[in-house]
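A.B. asks: Sharing a structure, written as structure tokens. Questions coming.
The values are calculated or read from the model by the stated rules, or taken from the named source; none is laboratory data. None of these values were measured; they are calculated from a predicted model. For neighbour counting, all protein chains shown are included, and Cβ atoms are generated from backbone atoms with ideal geometry for every residue, glycine included.
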Ligand SMILES: [Zn+2]
């Protein structure tokens, strides 16, 4: 299962360390990056991405926020993965904090709604499950034209459903 959170974490771990082997002065050949990132994802990132783990981290964050006086949060939930695991986890959090915190969720197609295979379907399923806002990321689409098309498409979808839009 691929997810942007995992990809991003590995990206930060390896790319921004200047292609060096961690804790050594050695440089890593570029052709080794893909298998190494894959292995790192499996070993280090995957265990962090269970529903319970996401719920636990989000609840801890909500508690900190409420303790500082926040009464409402808008959070962007990645809809790129067809499993919608982050969506289900954050909807559980929304329910659990509802008595004391207004948690509004944005269906956010982090990899681009048109660029991701099944991206529009995943986003619509997230809205069907109860996500509050239609998100978009036009600068992440493949071309300027597709970026513009994604804005139109997502605004139409929001209008049909009577939902707000949060476009980046
Ligand atoms: Zn936003």
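A.B. asks: Consider only pairs whose beta carbons are under 8 Å apart and that are at least six residues apart or on different chains; among these, list those whose first residue lies in segment 31-52 and is more than 17 Å from residue 84 (Cα to Cα) and whose second residue is outside any helix (DSSP H, G or I) and modelled with pLDDT of 70 or more.
C.D. replies: Taking only residues 6 or more apart or on different chains, the pairs are 36/28.
A.B. asks: Given the criterion under 17 Å from residue 55 (Cβ atoms), surrounded by 17 or more Cβ atoms within 10 Å (Cβ to Cβ), assigned by TED's automatic domain parsing to the domain that holds residue 55 and in contact (Cβ under 8 Å) with a residue 24 or more places away in the chain, identify the matching residue among 113, 93, 66, 106. Give the derivation first.
C.D. replies: Details: 113 fails: under 17 Å from residue 55 (Cβ atoms); 66 fails: surrounded by 17 or more Cβ atoms within 10 Å (Cβ to Cβ); 106 fails: under 17 Å from residue 55 (Cβ atoms).
From the options 113, 93, 66, 106, the qualifying one is 93.
A.B. asks: Out of segment 122-168, which residues are within 18 Å of the chain's Cα centre (by Cα) and over 30 Å from residue 98 (Cβ atoms)?
C.D. replies: Taking segment 122-168 as the starting set, the residues that turn out to be within 18 Å of the chain's Cα centre (by Cα) are 122-141, 150, 154, 165-168.
Hits for segment 122-168 are 138, 139, 140, 141, 150.
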